[in-house]
Amino acid sequence: MTPSDSGAMPLILAVPSKGRLQENASAFFGRAGLRLAQGAGARDYRGKLVGVPGVEVRYLSASEIAAQLASGAAHLGVTGEDLIRETLPDVRGQVELLTPLGFGNATVVVAVPQAWIDVRAMSDLDEVAALMRTRHGRRLRVATKYVNLTRRFFAEKGVADYRIVESLGATEGAPAAGSAEIVVDITTTGATLSANALKVLDDGIILRSEANLVASLKAPWGEDQRTALRTVLGRIAAEERARTTREVRAALPESGAIDLATIAGLHEAELPYGAPRGGDGEIVMRCPEGAVFALAGALVEAGARAVTVRRVDYAFAAENPLAERLLARL
Ligand SMILES: Nc1ncnc2c1ncn2[C@@H]1O[C@H](COP(=O)(O)OP(=O)(O)OP(=O)(O)O)[C@@H](O)[C@H]1O
Ligand SMILES: O=P(O)(O)OC[C@H]1O[C@H](OP(=O)(O)OP(=O)(O)O)[C@H](O)[C@@H]1O
Ligand SMILES: [Mg+2]
């Protein structure tokens, strides 16, 4: 880490440089008003956030991001939960998973040849392993790049007699190639598994993963970095709040007699600008997207003269829940 022009130590934000997560990750930051500006040239793996001083963007592969968050070389990053759980021996002690991002969805699964018609569950693997030993004199081989997830899951399921064959790519090809009998790999559509005549075991789901915004507990969190953190997470929270809620405005009845507190309580709504000052006038509420119609109905029922609902782009608030959660752990 090198001091920025102003001498401040930057917050290092690690962003996928390639692969499936890249486009979605920059779109996610863009929605939050955080525009990534890559340094000159496509091969420059550093950049900045436009208009947010004190942040250095590093473009890395998804697995490298997990490693840098673990070591503390990066403060914040976007990567798959699968890589976090595979790479970090102590997830809770090393990072805080701040929020799932709704993209990069994939499932880590145990898959066996479709031809093994009697093998449906993890418990059947023990029998297969025993047969392998007696018939072929060797252990059942599992091809994977998820070595740690595999070991943990197999141990939980009581399957012990196997050997891992580390795979660096095209894992699903291992059984046909003869380098392993079964695989542990990530799948989204299932197309690759089918194409390789493999099936997922009934209880063979190891982890449902998606991209997450992750913070390192091991990175040096000085005052400069905490300030940058509040700005970045404040914008992300404002976008998330705006996306998941609706603003509901109502013209109160002339009489002013309306029990807003009760209505708000019943419909998970809040009054972000407080209760109305006078008896008459307009109030602004905010509620989850799914509560809109019930809330609007309740307001009309209670005498509101008009109710309008709208989406907003950003909803900033004094509290910064993502930042507070992280800062409380540092
Ligand atoms: N169908 C999918 N297959 C693989 N990964 C997926 C899929 N869908 C989402 N992902 C997520 O994307 C992450 C990175 O996968 P991707 O293949 O895009 O990166 P990569 O550039 O190959 O990374 P690396 O070179 O470090 O393996 C996965 O670990 C997972 O979290
Ligand atoms: O269930 P599906 O939708 O078919 O997707 C799963 C496949 O995609 C990934 O490979 P990727 O394309 O990332 O290649 P890689 O193994 O080189 O990373 C993954 O390793 C699977 O092979
Ligand atoms: Mg890949």
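The values are calculated or read from the model by the stated rules, or taken from the named source; none is laboratory data. Values in this document were obtained by computation on a predicted structure and should not be read as measured data. Cβ sites come from the backbone with ideal geometry, for glycine too, and all protein chains shown count toward neighbours. The protein model used for the area step is the full one, side chains on, heavy atoms only, and it has no ligands, DNA or RNA in it. Shrake-Rupley method; radii C 1.70, N 1.55, O 1.52, S 1.80 Å.
Of the residues screened, Thr187 is one that is within 18 Å of Ser63 (Cα to Cα), within 10 Å of ligand 2 (Cβ to nearest atom) and in contact with a Leu (Cβ under 7 Å, 6 or more places away or on another chain).
Restricting to the range 27-48, name every residue that is under 19 Å from Pro10 (Cβ atoms), open to solvent by 50 Å² or more (accessible area, probe 1.4 Å) and outside any loop (DSSP other than H, G, I, E, B). Once the filter is applied, which keeps residues that are under 19 Å from Pro10 (Cβ atoms), open to solvent by 50 Å² or more (accessible area, probe 1.4 Å) and outside any loop (DSSP other than H, G, I, E, B), the range 27-48 yields Gln38, Arg46, Lys48.
Note on the range 173-230: enclosed strands (runs of 3 or more DSSP E) holding 1 or more residues that are of a type in the set (Lys, Arg) and within 13 Å of ligand 1 (Cβ to nearest atom) are 198-209. Could you grab me the full set of residues in the range 166-192 that are more than 16 Å from ligand 3 (Cβ to nearest atom), surrounded by 17 or more Cβ atoms within 10 Å (Cβ to Cβ) and of a type in the set (A, V, I, L, M)? Within the range 166-192, Ala180, Ile182 qualify. Residues of the range 98-110 include none that is within 16 Å of ligand 2 (Cβ to nearest atom), hydroxyl-bearing (Ser, Thr, Tyr) and out of contact with any Leu (no Cβ under 8 Å at 6 or more places or on another chain).
For Ala66, the conditions (1) assigned to a helix (DSSP H, G or I); (2) under 14 Å from the mean Cα position of the chain (by Cα); (3) more than 16 Å from ligand 2 (Cβ to nearest atom) are fulfilled apart from (3). Checking each residue in the range 206-239 for being charged (D, E, K, R) and either open to solvent by 60 Å² or more (accessible area, probe 1.4 Å) or over 19 Å from the mean Cα position of the chain (by Cα) (or both) picks out Arg208, Lys218, Glu223, Asp224, Arg226, Arg230, Arg235.
Among the residues of this structure, Ala195 counts as one that is within 13 Å of ligand 2 (Cβ to nearest atom) and either open to solvent by 50 Å² or more (accessible area, probe 1.4 Å) or at positive phi (or both). When every residue of the range 205-219 is checked against the conditions, none turns out to be over 30 Å from Val52 (Cβ atoms), away from ligand 3 (no atom under 16 Å from the Cβ) and of a type in the set (Ser, Thr, Tyr).
Here Ala176 passes the criteria (1) under 29 Å from Arg20 (Cβ atoms); (2) away from ligand 2 (no atom under 16 Å from the Cβ) except the one numbered (2). Pull up the range 49-64, narrow it to residues that are open to solvent by less than 20 Å² (accessible area, probe 1.4 Å) and in contact (Cβ under 8 Å) with a residue 60 or more places away in the chain, then point me to the one that is farthest from ligand 3 (Cβ to nearest atom). The extreme case among them is Val52.
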